[in-house]
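Computed from the coordinates by the stated procedures, all read-outs in this text should not be read as laboratory data. All figures in this text were calculated on a predicted structure; none of them were measured in a lab. Quick reminder, even Gly has a Cβ in these numbers, built from the backbone with ideal geometry, and neighbours come from all protein chains shown.
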Amino acid sequence: MPDLYISTDVETDGPIPGLYSMLSIGSVAINAEGHRLDTFSANLDPLPDARTDPRTMDWWASQPDAWAAHRIDPRPSEIVMNDYVVWLEALAERHQSEPIFVAWPAGFDFTFVYWYLIRFAGRSPFGHSALDLRSYAMGMLGRGYREVGKSRLPRAWRSPEHRHTHVALDDAIEQGALFANMLKANRRSEPQS
């Protein structure tokens, strides 16, 4: 079964789902060769009983363009997450593969996406499959976790045409390009059997 990677970024108004809201989601599908297959992006209404985190909102105040971008045409979470499941399942069927969630950091983004999928769509096409790019870089480079921040990655892995804008789809695409370059580098260094 070929790998189908879904590079995903979320924007939120706090540190955990449920108490706080996921406000935007962006995903780019990538195959094992690193080719971009499709994208998904949506802005979500805040959860009705949630609150906002003051520190997160102070940070958003320093990012007015990104904040404005993910407040354009928000939709109810139930609609967005069911649309997301339909998109993921159509990709999986078309490519005969199960989707694998990819993020930096997966521990944050996957927590929100999984919670929202279960809460609003009743299922997760990812199962529990989530790949953390920082951990993957750590293994590829043979370095400690704190030694593989994005600024310390090999230049060949970075894509200068992609910027980190704090807009979910932009950041998912940037992260997907990084992952595609890591996949290529990893294939070049594979031991020959």
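Worth a mention:
- For the range 12-111, alpha-carbon Rg over 2.2 N^0.38 Å: 1.18
- Translational diffusion of the range 51-94, µm² s⁻¹ [Kirkwood Rh, Cα pairs; Stokes-Einstein; 4 °C; 1.567 mPa s]: 101 µm²/s
- Stretching Glu89 away from Thr52 to a fully extended chain increases their span by 10.1 nm, per 0.36 nm per residue minus the current alpha-carbon distance.
- Calculated from backbone phi, Karplus (6.51, -1.76, 1.60) coupling profile of the range 40-55 in Hz, x at Gly/Pro: 9, 8, 7, 9, 10, 5, x, 4, x, 9, 7, 10, 10, 8, x, 5
- Shape analysis of the range 73-193 based on the Cα gyration tensor places the equivalent ellipsoid semi-axes at 28, 17, 14 Å, largest first.
- GNM flexibility winner over the chain from Pro46, Pro154, Pro99 (Cα, springs under 10 Å): Pro154
- Equivalent ellipsoid, the range 110-149 (semi-axes from 5 times Cα gyration tensor eigenvalues, Å): 30, 9, 5
- Mean separation of Cα contacts under 8 Å (6+ apart) over length of the range 89-138, as relative contact order %: 47 percent
- 13 Å beta-carbon shell around Ala121, net charge (K/R +1, D/E -1): -1
- Environment charge at Gly144 (Cβ cut-off 13 Å; Lys +1, Arg +1, Asp -1, Glu -1): +3
- Highest-fluctuation residue, Arg146, Arg123, Arg55 considered, GNM on the chain with Cα pairs under 10 Å: Arg146
- Proportion of all alpha-carbon pairs of the range 1-60 beyond 19 Å (%): 44 percent
- With both labels modelled 7 Å from their Cα along Cα-to-Cβ, the Glu147 to Asn186 distance reads 2.0 nm.
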